[in-house]
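Heads up, the thing below is written out as C-alpha cells.
The values are calculated or read from the model by the stated rules, or taken from the named source; none is laboratory data. The shown structure was predicted, so the numbers you read here are calculated from the model rather than taken from an experiment. Here Cβ is always computed from backbone atoms with ideal geometry, including for glycine, and neighbour counts include all displayed protein chains. Just so you know, the surface numbers come from the protein's heavy atoms only, side chains and all, with ligands and any DNA or RNA stripped out. Shrake-Rupley method; radii C 1.70, N 1.55, O 1.52, S 1.80 Å.
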There are 2 protein chains.
Amino acid sequence: MRSLEICLSPELIHLHDLSGKIVVVVDIFRATSTMVTALANGVTSIKPVEDLESCKSLAGNGYVTAGERNGKKEPGFALGNSPLSYLDGTFDGVRIAMTTTNGTVAIERSKGSAEEVIIGSFLNLQATANYLLQKEASVLIFCAGWKGKFNLEDSLYAGALAALLQYPSDCDGILAMETLYYQTKEDLLGFLKKASHAKRLQNFNIEEDIDFCLTFNRYDLIAILVDDEIIAKKIPTNA
Amino acid sequence: MRSLEICLSPELIHLHDLSGKIVVVVDIFRATSTMVTALANGVTSIKPVEDLESCKSLAGNGYVTAGERNGKKEPGFALGNSPLSYLDGTFDGVRIAMTTTNGTVAIERSKGSAEEVIIGSFLNLQATANYLLQKEASVLIFCAGWKGKFNLEDSLYAGALAALLQYPSDCDGILAMETLYYQTKEDLLGFLKKASHAKRLQNFNIEEDIDFCLTFNRYDLIAILVDDEIIAKKIPTNA
C-alpha cells in the first residue's frame, strides 16, 4: 500500500528511509518553482549543483549558469533564481547549471537510494499529483526549508499535495500540514505572504516572483531527475 | 522586544541561538507531562538523565529511578513514564532520576547557553504562560519530537503557548502551529488522538495516560531546571 510522509528539513533527511520511494523535492521560494518554469519555457535540462565554484566552472561547457545565495544573484553567474527570467522566449534548447541556498542541497541529498526524484512546485501541482497517482510507489515530500529550518511555503505545498493524493499516512507532519492547508487554501497567497522567507524576498522588491511562485497549475509537466539532470515530462491535467 | 520561536526536533537545536532565552522543553506524551505531575504530587526534584545506565546507577543514592524507552517501562527501574503513577499520595519528598526516549534528550541539549530551562505540558500551560509573561526574555519552545522527527502533540502545545503569549515572531513554525492550534482547539483531544505517537500509546493500552496528558491547566506550577534538577515553583493562575 502506498504511503505518504514528509521531511521538514534537509537536516532531518537521515531519519527517513528513501529506498523504493519517490521523493518530491520542494523549494517554493524559489528554486523548484524556477526549475519548473525553466523547463516549461524551452530549457532542455537543469543540473543541480551544491556549491558555487563547481557550478560556475560549468559555464562555457555547454551550460548557462544560475547561482543564488541568501535570496540574491551571485556575482559571476548568468542568472539568479527568479522564475521570471525564463519567460522571454530565449531559452529553447538551453542547458542550465544551477546552485541555490536550499533547493539544490535537498536535491543532492535525495539522490542515491530513492526510486525517483522529482521536483515540486505549485506551478505544476496537479501534474505532479497525477503522475504520482499513476505509480505504485510510496512518496516522501522533502521540504528544502530555509537554512535547515522549517518553512511555511514548502510545508504547505506538502499539505496541498497530500490533499490531492489522499494516501494513508501515519506521519504527523502530513496530518499537520494537510489540516493547515485545508484551513488556509481560500487565501493561501495571503497566508503565505506572512512567511518569513516571503517577507525576506519582499524586502528585495521581488513581489512579482512571490506571486508567480504561488500560481497553481500553470504548467502541465513534471520535472524529474534523470542521470543527474532534471528534465521535463508532459503530464495530462484535466483537473 | 521579546520574541518567540520554535525548534521542532532535537536534531535542529544547533540551528538556534539559545543565549539569553528561556527554553520551554515539551514532550507531551509523556515525559514533561509526567514531570509536572510528579512535582505537583509531592516529588521534590527530578534529575533528567540521557542514558539508561547512568540513570539506573542513581538508584539507592537518594533517587527513585524512572526509565522508559519506546513507550515502555525499562526493566530494572522503579517507575516508567506514566503520569498516573504519581497520583497515589506516596511521593512526598521523593527525588526522581528519569530517563526517557525523547524528553530527557531535549532537556540535556537545552542546558548551557539558555538563560533558563523550563518544562512545559498542557497540565500547566496557563501557569507557564503567566510565568513567561512576567519575564523580559525571548522564548524558544523546544519540541522533543519522536526519535528526531516532528510530532503533532509537542508542536500543538507550542501553538497553544504562542496563542497565550502573543509575542511577535518571524518564525514560520510558530505561525504554522498557532494557526493549526486555533483550528483544532475545539476538539484538540480528538485531533491529537490521530497523532502517530498517540496511536502507538493506544496500542499499549494506556489511553488513560493520553487523556491525562491532554488535560488543560490542572496544576498551577511551573517546572524549572535549577542545578541540573527540575523543581516546582508555584505560579498564580487566575486566567
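Summary table
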quantity: Single condition B:S54 does not satisfy, out of (1) open to solvent by 20 Å² or more (accessible area, probe 1.4 Å); (2) at negative phi; (3) assigned to a loop (DSSP other than H, G, I, E, B); calculated: (3)
quantity: Selected residue (only one of A:A66, A:A38 is without any contact (Cβ under 8 Å) to a residue 60 or more places away in the chain, touching a Phe, Trp or Tyr at 6+ places or on another chain (Cβ under 8 Å), part of a helix (DSSP H, G or I) and not β-branched (V, I, T)); calculated: A:A38
quantity: Test: residue in segment B:86-93 that is out of contact with any Ser or Thr (no Cβ under 9 Å at 6 or more places or on another chain), under 30 Å from B:A137 (Cβ atoms) and among the hydroxyl-bearing types (S, T, Y); calculated: no
quantity: Some residue of segment B:20-42 being open to solvent by 10 Å² or more (accessible area, probe 1.4 Å) and of a type in the set (D, E); calculated: no
quantity: Hits in segment A:34-70 - residues which are closer than 18 Å to A:I210 by Cβ and either over 15 Å from the mean Cα position of the chain (by Cα) or not small (G, A, S) (or both); calculated: A:T34, A:M35, A:V36, A:T37, A:E68, A:N70
quantity: Selection within segment B:1-30 - of a type in the set (D, E, K, R) and facing chain A (nearest Cβ under 10 Å); calculated: B:E5, B:E11
quantity: Among residues of segment A:176-187, those that are within 19 Å of A:A144 (Cα to Cα) and not acidic (D, E), counted; calculated: 4
quantity: Scope segment B:60-75; condition of a type in the set (G, A, S) and modelled with pLDDT of 95 or more; matching residues; calculated: B:A66, B:G67
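Condition check ((1) over 19 Å from the mean Cα position of the chain (by Cα); (2) free of Cβ contacts under 8 Å to residues at least 24 places away in the same chain; (3) open to solvent by 20 Å² or more (accessible area, probe 1.4 Å); (4) away from chain A (no Cβ under 11 Å)) across all residues:
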{"position": "B:A162", "(1), (2), (3), (4)": "no, no, no, yes"}
{"position": "B:I174", "(1), (2), (3), (4)": "no, no, no, no"}
{"position": "B:T184", "(1), (2), (3), (4)": "yes, no, no, no"}
{"position": "B:G190", "(1), (2), (3), (4)": "yes, yes, yes, yes"}
{"position": "B:A195", "(1), (2), (3), (4)": "no, no, no, no"}
{"position": "B:Q202", "(1), (2), (3), (4)": "yes, yes, yes, yes"}
{"position": "B:E208", "(1), (2), (3), (4)": "no, no, yes, yes"}
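Okay, residues lined up against (1) more than 14 Å from chain B (Cβ to nearest Cβ); (2) in a helix (DSSP H, G or I); (3) open to solvent by less than 30 Å² (accessible area, probe 1.4 Å); (4) of a type in the set (A, V, I, L, M, F, W, C):
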| residue | (1), (2), (3), (4) |
| --- | --- |
| A:D88 | yes, no, no, no |
| A:I96 | yes, no, yes, yes |
| A:V117 | yes, no, yes, yes |
| A:T128 | yes, yes, yes, no |
| A:L132 | yes, yes, yes, yes |
| A:Y157 | no, yes, yes, no |
